[in-house]
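Beneath this line is the structure, given in structure tokens, with notes to follow.
The values are calculated or read from the model by the stated rules, or taken from the named source; none is laboratory data. Note that the coordinates shown come from a computational prediction; the quantities given were computed from them, not determined experimentally. Counting neighbours? That spans all protein chains shown, and the Cβs are built from the backbone with ideal geometry, glycine included. Keep in mind that these areas ignore ligands, DNA and RNA; they rest on the heavy atoms of the full protein, side chains included. Shrake-Rupley method; radii C 1.70, N 1.55, O 1.52, S 1.80 Å.
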Amino acid sequence: MIALLAISAFLGQAYYTPEEAQALFSQANDAYYREEFSAAIEAYRKLIERGRGGPDVLFNLGTACLADGRLGEAVLHLERARRAGGPSEDVEANLAVARARQLDQVIGASAEEPFLQRLAAATPERAVSLAFLSSWIAGLGLLGLCRYLRPGRRALAAALAALSLTAAVSSGALVAVHAYVSRTITEAVVVAPALKARELPRESGRVSFEVHAGLKVRLLETAGQFVRIRLPNGLEGWTEKEGVAPI
Amino acid sequence: MTRTGDSALRWAGPAAAALSVLLSSTALAEVELYQSVDRNEVGTEDTFRLSIVVSGAPDTAQLQFPAPEDFEVLSRSQSTQMSYHFGGGGSSIKRVQKYELVMRANRAGTLTIPPAVLTTADRTYKTEAIEMQVKKGRLHTSPPPSPRRPTLPDPFRNFPVPSFPDPFGDLDDPMGFEPEIPRSDSDLFLRFHLDKEEVYVGEQTTLSLYIFSRLDVSSIDPVVMPKLEGFWSEELDSPSQLIAEQKVIDGVPYKAYLLRRRALFPMKPGALQIQPAEADITTGLMFAAHRSHRKSNALAVKVKPMPPGAPAAFSQGNVGRWRLANELSQTEVALGQPITAKVVLEGRGNLKSVSLPKLAAPPQIRVYEPTTSDKPASVKNQLGGKRVQEYLLMPQQTGTFTLPGLSFAFFNPETGAYEESKTDPIQVTALPGAGGANAIASGGPTPTSPDDSAKNKLEPAGLKPLRYQASFAAAAQPLWSRPYFIPLALAPLGLWVGATVLAMVRGALGREDEASRKRKKARAARARLAAAEKLAQKGTPDEFYGEVEKALLHLLEAKLGGPAQGLTRPQLDERMAAHGVPAERRAKVLSVLETCEMGRYAPGGGNAARGRALDDAEEAMEGWESR
């Protein structure tokens, strides 16, 4: 009870210092272990709303949602945790538990995501971007230096410049992949318990199929209150925008 | 057909014997005859009672009952009373015979019951006709009172008997209904009866099929029941022998035979129809047997939907009045030993349609698929019973674990509300088994076939634990999409291009014309002369005179606009002349060059000669530059 009151006191604040954020995080964890999942979920959400999110908070929020039976939200937050912090063992394990509880079985879906998506998921965006910038600047700088060096030292500088520029090209390609995936592929998770996918973006449209909470889909386009989704096996339909949440 | 009532049959025997003794010594009283009805205003659906009383009539007297065309006689009964009078004039006996006819009007209007006629040996007696006002339909809801025997006082009424609440006490008597006597076939008819005509989806209504007969029923051929579409039907009663039950309908005695009784559970809301049943009935015996085909009435059931607001755990078939319980065979068990858990649901309703909650257990306890057994029961024609689900639990680890409480949500049609029956959580303690890890650690003989079930199995299961510490960060924008990323990536290229352009500009700007080249060479000549001046004291003659010579040649190149090195003196003189250099100056220059050559190849003269050569060179150069 005292813990709940403490959580309530924290929830009212508009800004959290790092210490307050850590205290609220710990209290939310305690609430989780007392099986007061709703209190834990609310606290994690507040941390995210106040800019104190991150992969750890997202992972705990997803896990609490999963324990509380909120399958759609659980998959959403665990996917966000994976995107924010990269793949990790605990995120993958809990995502596997969530997928096992899913109602939908997508028949004919390829076991793996497309190559570019896998490549983007496997390479940390920040590291790739930093690698590109540093190798690119270093390569061009060394190339410029060659003009002012004596012939004996010029060869070494040119070799280093070639090495840096090669690294810049490959890391630049990875940055381009990240940009492409981010700009063109919007993934989302079905958060509504059940969602009808229609042939046309209107209420009277014929229902093609129905999807349920926790299913990962791709958002293709938006029309009013409807959004066109694509399942991993290529099945497409229009559904209510509120029923899906982008990762 | 004339029938004698129960009371008449019971008392007629002894009374007749007494009457025969008395009649031999006494005289009969005066004859009286009259008739009356219990009500004069009836409906066409009502029955009424016509009483005809004959008093003091001789045995030979014949009574002729009225035979009205507008009325139907449903039944007749007779009773006799004897009274004795002892007075001064001797004793007298009075016999009173009472006939009762249950009648029903065939049409509406003002109808007349004709008089009854009694004929004796010497006279004919006649009653008054009775006028009846008959209206259409039913005017009286309660049937005319039938004669009843006086009830005796209860001999146990003062005993202190404790009273227990009857769980089915609120249920109706299945024969507590009175069918309407049909106009045709009133002596033998089939009737369907429902105990409830308005029910909720899934609530039981009991359908009974009876034969009502005033004849002796000897056999019934197979009854054809309707399909009962829209209902889940369970048989409650299907008697193999005909058992008659006395039933008085509108004052008319009938024998009621139950043919079928079924529990019906409607499966959808709306108005559901029950079509008539049919049967072939044989009445009478042997040669007097008569076979009749009869069809029952049809019925309609109004089925109400269940109200909104069902709990999340509610299943559509969970309707009735139920109680959930769970029990464990033991709460403390050795690792590797099984526990039996029973989930028991008991109550009233359609047992086959209920869904029991699934027993949940922590991951440390393996739960095997349950076995389900049903014990249906019906009390006072209400279906119910007990469903038992038996689970086998096998702890996989040592420790104390909690089996969470169960909740069974159901709709109670009696209260019209959703209710929940809950059980408490149960704790189970699993202890290390005798044949498990402990036995091996004690150094005893290694078991030949170790029992895996007795091991403390530490398998990964369930969710991964939460992260204990967090690095808080707002959702970061990708680095490549930040505004500075592209400028930063293009900056080295820009620098590279800028440097190249600058070099080109500098190259373009640094191109020398003839004049500047001459000036440059002149400056170089002066620099050389300054160097020669420094060498005048310390340098070798070759260095000194070489510098002076180079200074002059640079000057010539600057002034003449072409190479001067390697030219002979006449050639130099010629070029100087071509450039308009005065002869005196030409001579001076050539003289200095001569001096330098001599000084380099024939050293001598000392510092004084070097000084003169330097002065001559300076004079030649200054004179030239001043031009």
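If R0 equals 51 Å, the separation of the Cβ atoms of residue B:375 and residue A:204 corresponds to a calculated FRET efficiency of about 0.50.
Per-residue ellipticity at 222 nm from helix content only, as computed over the protein assembly as shown with -39500 (n - 2.57) for each DSSP H run of at least four residues, stands at -11000 deg cm²/dmol. Listed by chain and number, the lysines placed with their C-alpha closer than 24 angstrom to that of residue B:126 are B:94, B:98; residues fewer than eight positions away on the same chain are left out.
Report, to two decimal places, the Cα Rg of the stretch A:115-184 normalised by 2.2 N^0.38 Å (N = number of residues).
Working: Rg = 15.1 Å, N = 70, 2.2 N^0.38 = 11.1 Å.
Compactness ratio reported: 1.36.
In this structure the amide hydrogen of residue A:210, modeled in the peptide plane, comes within under 5 Å of the amide hydrogens of A:197, none closer than 5 places in sequence on its chain.
Computed from protein heavy atoms with a 1.4 Å probe, the total accessible area buried between A and B is close to 3000 Å². Against chain A, whose longest principal axis comes from its Cα atoms, helix A:89-101 is set at around 40 degrees. This model, with +1 at the C-beta of Lys and Arg and -1 at the C-beta of Asp and Glu, gives the protein assembly as shown a dipole about its Cα centre of some 3180 debye.
Rounded if a/c is under 1.5, else prolate if a/b is larger than b/c, else oblate: which is the stretch B:514-625, with a ≥ b ≥ c the root eigenvalues of its Cα gyration tensor? Because a/c hits 1.5 or more and a/b exceeds b/c, the stretch B:514-625 counts as prolate.
Could you tell me how many degrees, from 0 to 90 and to the nearest 10, lie between the Cα long axis of helix A:2-11 and the main elongation axis, the longest principal axis, of the Cα atoms of chain A? Orientation of helix A:2-11: about 60 degrees from the principal axis.
In this structure, the amide hydrogen of residue B:200, modeled 1.01 Å from its nitrogen in the peptide plane, lies closer than 5 angstrom to those of B:304, counting only residues at least 5 positions away or on a different chain. Phi angles across the stretch B:494-501 convert, under the Karplus curve 6.51 cos²θ - 1.76 cosθ + 1.60 with θ = phi - 60°, into 3J(HN,Hα) values of x, 4, 4, 5, x, 4, 5, 4 Hz, Gly and Pro given as x. May I ask you to list the lysines whose Cα is less than 19 Å away from that of residue B:534, ignoring any residue fewer than eight positions away on the same chain? Hits, sequence-local ones excluded: B:550.
Which percent, nearest 5, of DSSP beta bridges in the protein assembly as shown are antiparallel? Display every interim value, and only then the final one.
On the way: 150 of 162 bridges.
Antiparallel bridges make up about 95 percent of those DSSP assigns within the protein assembly as shown.
Calculate the tail of P(r) for chain A: the fraction of all Cα-Cα distances greater than 23 Å, expressed in %.
62
Basic side chains Lys and Arg get +1 at the Cβ, acidic Asp and Glu get -1 at the Cβ, and with that the dipole of the stretch B:514-625 about its Cα centre reaches some 440 debye.
Building the convex hull from the alpha-carbon atoms of the protein assembly as shown and averaging its projection over directions returns 86.6 nm².
Over all other residues within a Cβ to Cβ distance under 13 Å of residue A:89, the charged ones net out to +1, with Lys and Arg as +1 and Asp and Glu as -1. Scanning residues 5 or more positions from residue B:34 or on other chains, those with amide H under 5 Å from its amide H are B:53, with H placed 1.01 Å from N in the peptide plane. Taking the Cα centre of the stretch A:2-101 as the origin and placing charges on Cβ (Lys, Arg +1; Asp, Glu -1), which of A:76, A:38, A:87 is farthest toward the positive end of the dipole? Of the options given, the answer is A:76.
Would you mind checking the pairs A:196/B:352; B:227/B:304; B:380/B:422 and listing those with alpha carbons more than 30 angstrom apart? Kindly include the intermediate steps, with their values, before the conclusion.
On the way: A:196/B:352 33 Å; B:227/B:304 21 Å; B:380/B:422 27 Å.
Listed pairs above 30 Å: A:196/B:352.
When +1 charges are put on Lys and Arg Cβ atoms and -1 charges on Asp and Glu Cβ atoms, the dipole computed for the stretch B:322-431 relative to its Cα centre reaches about 300 debye. Between B:324, B:334, B:312, the Cα set farthest toward the positive side of the dipole of the stretch B:226-347 (charges on each charged residue's Cβ, about the Cα centre) is that of B:312. Taken one residue at a time, the phi angles of the stretch B:544-553 give Karplus couplings (6.51, -1.76, 1.60, θ = phi - 60°) of 5, 5, x, 5, 5, 5, 4, 4, 5, 5 Hz. Gly and Pro are set to x. In order along the stretch B:478-484, phi translates into HN-Hα couplings of x, 4, 5, 9, 6, x, 8 Hz, rounded to whole numbers, per the Karplus curve 6.51 cos²θ - 1.76 cosθ + 1.60 with θ = phi - 60° and x for Gly and Pro.
Taken as Cα centroids, the stretch B:333-409 and the stretch A:87-140 sit 44 Å apart, rounded to the nearest whole angstrom. Measuring nothing but protein heavy atoms, the accessible surface of the stretch B:188-304 at 1.4 Å probe radius is 51 percent carbon and sulfur.
Round to the nearest 10 and give me the degree value, 0 to 90, for the angle of helix A:71-85's Cα axis relative to the longest principal axis of chain A. Relative to chain A, helix A:71-85 is tipped by roughly 20 degrees.
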